[in-house]
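Only one structure is covered here, and it is reproduced in the block below.
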Amino acid sequence: MAHGNEANDRPRARRVKLAGTVIALIQLDNGQQVRAKVHQLSATGGVLHIPEPLDEFVQVNLLFQLGRTAVRKRVEMLGPIWATRACLQPFRFTNLSDLDRENLQNDLAGFLGNGSATAEN
């Protein structure tokens with residue numbers, strides 16, 4: 001009998017700490033927009049630095065520019081973590097194709113190469 005599933009058997013995606021150097025826009029389904037900074041990013045999700053937390057499990061559109069690539073993807077917000085003067089809120093991509101995931105991994109690797117971010121496994 002197999003234990004676990006395919007998603008859990010894959011190695012964890014390399015996370016890149018961007019420390020707010022990438023600005024993002026969150027578009028809610030009601031049309032409201034929230035500005036955020038990308039604190040951490042991987043090919044499966046990341047962490048946003050936002051002024052006020054969003055509801056856990058709410059799905060939104062997330063837009064940001066990473067290098068030469070404009071990312072506009074649907075994400076699910078996860079439980080917020082309070083920090084000084086703001087909130088860190090994790091998210092996960094919900095409909096990233098294999099090609100999009102590979103392109104994002106390549107962009108993250110390039111972003112690391114220019115010295116403006118740090119990697120974390």
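The values are calculated or read from the model by the stated rules, or taken from the named source; none is laboratory data. Quick caveat: nothing in here was measured; it's all calculated off a predicted structure. For neighbour counting, all protein chains shown are included, and Cβ atoms are generated from backbone atoms with ideal geometry for every residue, glycine included. What goes into the accessible areas is simple: the full protein's heavy atoms, side chains included, and nothing from ligands, DNA or RNA. Shrake-Rupley method; radii C 1.70, N 1.55, O 1.52, S 1.80 Å.
For the range 30-40, state whether one or more residues are farther than 19 Å from residue 14 by Cα, modelled with pLDDT of 85 or more and touching a Lys or Arg at 6+ places or on another chain (Cβ under 7 Å). The answer is no, given that none of the residues of the range 30-40 is farther than 19 Å from residue 14 by Cα, modelled with pLDDT of 85 or more and touching a Lys or Arg at 6+ places or on another chain (Cβ under 7 Å). For residue 92, the conditions (1) open to solvent by 50 Å² or more (accessible area, probe 1.4 Å); (2) closer than 19 Å to residue 15 by Cα; (3) at pLDDT below 95; (4) not aliphatic (A, V, I, L, M) all hold with the exception of (3).
For the range 29-49, which positions are β-branched (Val, Ile, Thr) and assigned to a loop (DSSP other than H, G, I, E, B)? Spell out the reasoning first.
Step one: list which residues in the range 29-49 are β-branched (Val, Ile, Thr), which gives 34, 38, 44, 47.
Matches in the range 29-49: 44 only.
Applying the criterion of being hydroxyl-bearing (Ser, Thr, Tyr) and open to solvent by less than 80 Å² (accessible area, probe 1.4 Å) to the residues of the range 17-52, the residue that is farthest from residue 93 (Cα to Cα) is 42.
Given the condition within 24 Å of residue 31 (Cα to Cα), open to solvent by 30 Å² or more (accessible area, probe 1.4 Å) and charged (D, E, K, R), answer yes or no: does some residue in the range 77-88 qualify? Within the range 77-88, none of the residues are within 24 Å of residue 31 (Cα to Cα), open to solvent by 30 Å² or more (accessible area, probe 1.4 Å) and charged (D, E, K, R).
Can you tell which of 7, 13 is out of contact with any Pro (no Cβ under 7 Å at 6 or more places or on another chain), open to solvent by less than 30 Å² (accessible area, probe 1.4 Å), modelled with pLDDT under 85 and outside any strand (DSSP E or B)? Show your work before the answer.
On the way: 7 fails: open to solvent by less than 30 Å² (accessible area, probe 1.4 Å).
When all the criteria are applied, what remains is 13.
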